[in-house]
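*Asks:* Take a look at the following structure, please.
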Amino acid sequence: MFESDYILRMFSMLGRALARIIFFRETKNYDAALLEVDNTGRSLLGLNTDTIERLPVSDLKNVLGSDPSLAQSRLYTAGVLLKEKGEILELKDEDSDSAGLYLKALRLMTDEIKGIEEVDGRKGIANVDAVIGKLKDYELPSDMKRKLIDYYEYSGRFDKAEDVIFEMVDESASFAGEGISYYERLMKRSDFELEAGHLPRAEAEDALRELNEIRQRADKD
C-alpha cells in the first residue's frame, strides 16, 4: 500500500512539474525550464539530469533503489526528465546534445515501461513514442532495436515490431532466429489481437516462412 501511494504521489508531482516545464518552454524561458527539470530530478530522484545522463543504466538502477516497483517508476521518471531536457536544448538550438539525451531516455523508458500505464495512464506509451520520433533520423544500436521490438510487442503494435525485425535481418541474417521467436509468440495470440496489432495472421505466417528461409540459407553459407 505504501509503495502504491508513494508512486502515485511521485507521478502527481511529476505531472505538476511537467506543467511548469511546458509553461517555461512555451514562453521561451528556456533557462527556467532547464532549472525546473533539474530541480524535479533532485526532488523526486535525488539526482540532477547531468548525473542521470552520465551514469550507466546499471548504476542508475543501483542508485535509485532495489525495490522493483519503486525503481521502475524512478527510472521511467529519469527518462522523462532527459526527454524534457533534450527538447529544451533543441529549442535553444543546442541540439548537438539532444540525440544522446533521447537515446538514454529511450533506454530508461523502454526498460521500465511495463506497468507504468497503471499509474500514468497512456502517458507512458505516448512519451516513449515521442522519443522514438525524435530519433527517427538516427541509426539506433542493435541492442536498442531489440528493446524497440519488445516495446512494440508489449504495446500491441505488431506491425512496427515487424518493421524493426526485418531492418535487423537486412543488416544481419543471423538475427532471423530472434525474429522467428517473435512470430512464434504471435502465433499463440488470437486473430482479434493480431488484427488489432495491424498484423493479420496470414501476414505473420508469411513473414515467419520468409525468416525460416533466410535462416536456412544462412546456415548453408
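Just so it is clear, none of the values below were taken in a lab; they were calculated from the coordinates. This is a predicted model, so every value here is computed, not measured. Note that each Cβ is placed from the backbone with ideal geometry, even for glycine, and that neighbours are counted across all protein chains shown.
*Asks:* For every helix of n ≥ 4 consecutive DSSP H residues, a contribution of -39,500 (n - 2.57) applies; sum these over the chain, divide by its total residues, and give [θ] at 222 nm rounded to the nearest 500 deg cm²/dmol.
*Replies:* Rounded to the nearest 500, it is -25000 deg cm²/dmol.
*Asks:* Something else: Hey, what D do you get for the stretch 132-195 in µm²/s if you plug the Kirkwood alpha-carbon radius into Stokes-Einstein at 4 °C and 1.567 mPa s?
*Replies:* It comes out at roughly 105 µm²/s.
*Asks:* Can you tell me the dipole magnitude for the stretch 139-221 around its Cα centre, using point charges on the Cβ only (Lys, Arg +1; Asp, Glu -1), in Debye to the nearest 20?
*Replies:* Value, rounded to 20: 260 debye.
*Asks:* If you take the square roots of the eigenvalues of the alpha-carbon gyration tensor of the chain and sort them as a ≥ b ≥ c, do you get rounded (a/c under 1.5), prolate (a/b over b/c) or oblate?
*Replies:* prolate
*Asks:* Next question. How large is the charge dipole for the chain, taken about the Cα centre, if only the Cβ atoms of Lys, Arg (+1) and Asp, Glu (-1) carry charge, to the nearest 20 debye?
*Replies:* So the magnitude is around 700 debye.
*Asks:* Separation of the stretch 138-162 and the stretch 3-24 by C-alpha centroid, Å?
*Replies:* 28 Å
*Asks:* Where in the stretch 147-170 does the amide nitrogen come within less than 18 Å of the point 7 Å from the Cα of Lys136, taken along Cα to Cβ?
*Replies:* 148-149, 152, 157-165, 167
*Asks:* Now for a separate question. Compute the acute angle (0 to 90°) between the alpha-carbon long axis of helix 123-134 and the principal axis of greatest extent of the alpha-carbon atoms of the chain; round to the nearest 10°.
*Replies:* Approximately 80 degrees, to the nearest 10.
*Asks:* Next question. Angle, helix 98-111 long axis vs. longest principal axis of the chain, Cα atoms, 0 to 90°, nearest 10?
*Replies:* On a 0 to 90 degree scale, this one is about 70.
*Asks:* Using only Cα atoms, find the angle between the long axis of helix 201-220 and the longest principal axis of the chain, and express it within 0 to 90 degrees, rounded to the nearest 10.
*Replies:* Between helix and principal axis, roughly 80 degrees.
*Asks:* Which of the listed residues, Ser142, Phe175, Val131, is farthest toward the dipole's positive end in the stretch 103-221, when Lys, Arg count +1 and Asp, Glu count -1 at the beta-carbon?
*Replies:* Val131
*Asks:* As I understand it, the dipole of the chain uses +1 on the Cβ of Lys and Arg and -1 on the Cβ of Asp and Glu, about the Cα centre. Which of Ser155, Leu81, Leu44 lies farthest toward its positive end?
*Replies:* With unit charges placed on the Cβ atoms, the residue in question is Leu44.
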